[in-house]
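Written out below as structure tokens is the structure these notes cover.
The values are calculated or read from the model by the stated rules, or taken from the named source; none is laboratory data. Everything quoted here is computed from the prediction, not taken from an experiment. Here the Cβ is made from the backbone with ideal geometry for all residues, glycine too, and neighbour counts use every protein chain on show. Just so you know, the surface numbers come from the protein's heavy atoms only, side chains and all, with ligands and any DNA or RNA stripped out. Shrake-Rupley method; radii C 1.70, N 1.55, O 1.52, S 1.80 Å.
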Amino acid sequence: MSERDVYPSPYSERGPGFAVQGVTHWLRVVPGRVLLGLKAGGLPVSLPERPAGLSHPGIKAKANGYETAIDDVSSHWLREHPETCDRYVAALREVLKQPRVRLDGYATHAIFMGSVELFAGPRLDRVNLELDDEDGSFPRAMALLRGAPRDTRTAFAMPLEPGMGSFEDPLFLAGEQAWIDGQRVLIEYTPDEGGRAETVALDRDALADAIERAWYAMMDVSERIGAELGRLR
């Protein structure tokens, strides 16, 4: 269950019915050539140790035979322990120097940009949260949570793109769909165990504060990694 992926306090932001945390993506396997360069696969990275409970397995992806594997580490903890972050960068740099590396767009983005994770409901199921610095979704989320009218219902979503009709679903920023309804944020999501979709009502101010704190912890670490590695893209 996703509840096991929630970091202990103070490394996750807790609110009534939810938890939010910033995560930094550590590449455990970098896409590259293996078997003397004869085959597509992945090159391992020697990751530094970190306390139990402050990381969990992230995405494993494979494209055209090239493998990427990620461990998600608490950004809050890494911000408090920059020496560990620097050891990770040093280990990653040693792998990236190899001519057999074949970084793709996904792996490159993961190196330089973390995520904010949302868990909600009585079982703290994982709820998709679409926030990024490149598409304006984070400032959009903050503007809606802080400033949307409190006497009507507003889609917690990106603006409709040109050419889209008002009857079309927007790109929701959380869950299957999400609406700001007065003081609440209503999020429909699919539980970890599957089955019928459920809806959770979260306090919008508490959620805004938690997302904002988690976001800036994650960005502080991402900027440190970017400064140490230099931009590869």
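Can you name the residue in the range 11-48 that is open to solvent by 10 Å² or more (accessible area, probe 1.4 Å) and among the hydroxyl-bearing types (Ser, Thr, Tyr) and is also farthest from the chain's Cα centre (by Cα) among such residues? In this case the residue turns out to be Ser46. For beta carbons closer than 7 Å, sequence separation of 6+ or different chains, a first residue in the range 207-226 that is over 15 Å from Leu78 (Cβ atoms) and a second that is open to solvent by less than 10 Å² (accessible area, probe 1.4 Å) and of a type in the set (Gly, Ala, Ser), the qualifying pairs are Ile211/Ala141.
Arg87 passes every criterion in (1) open to solvent by less than 80 Å² (accessible area, probe 1.4 Å); (2) at pLDDT 95 or above apart from (1). Across the range 196-233, the qualifying residues are those that are over 25 Å from Leu103 (Cβ atoms) and in a loop (DSSP other than H, G, I, E, B), and the one among them that is least open to solvent (accessible area, probe 1.4 Å) is Ala197.
Note on the range 95-105: residues that are among the charged types (D, E, K, R) and either open to solvent by less than 30 Å² (accessible area, probe 1.4 Å) or free of Cβ contacts under 8 Å to residues at least 12 places away in the same chain (or both) amount to 1. Being open to solvent by 30 Å² or more (accessible area, probe 1.4 Å), over 19 Å from Trp215 (Cβ atoms) and either of a type in the set (A, V, I, L, M) or assigned to a helix (DSSP H, G or I) (or both) is a description that does not apply to Arg79.
Each residue in the range 1-10 was checked for being open to solvent by 50 Å² or more (accessible area, probe 1.4 Å), touching a residue at least 12 places away in the same chain (Cβ under 8 Å) and of a type outside the set (A, V, I, L, M), and 4 of them qualify. Within the range 22-58, the set of residues being among the hydrophobic types (A, V, I, L, M, F, W, C) and touching a residue at least 12 places away in the same chain (Cβ under 8 Å) comprises Val23, Trp26, Leu27, Val29, Val30, Val34, Ala40, Leu43, Val45, Leu47, Leu54. Considering the range 37-76, the qualifying strands (runs of 3 or more DSSP E), each wholly inside and each with 1 or more residues that are of a type in the set (Val, Ile, Thr) and closer than 19 Å to Arg126 by Cβ, run over 55-63, 66-74.
Residue check: is Ser74 among the polar types (S, T, N, Q) and either in contact (Cβ under 8 Å) with a residue 60 or more places away in the chain or loosely packed, with under 15 Cβ neighbours inside 10 Å (or both)? Spelling it out, Ser74 is indeed among the polar types (S, T, N, Q) and either in contact (Cβ under 8 Å) with a residue 60 or more places away in the chain or loosely packed, with under 15 Cβ neighbours inside 10 Å (or both).
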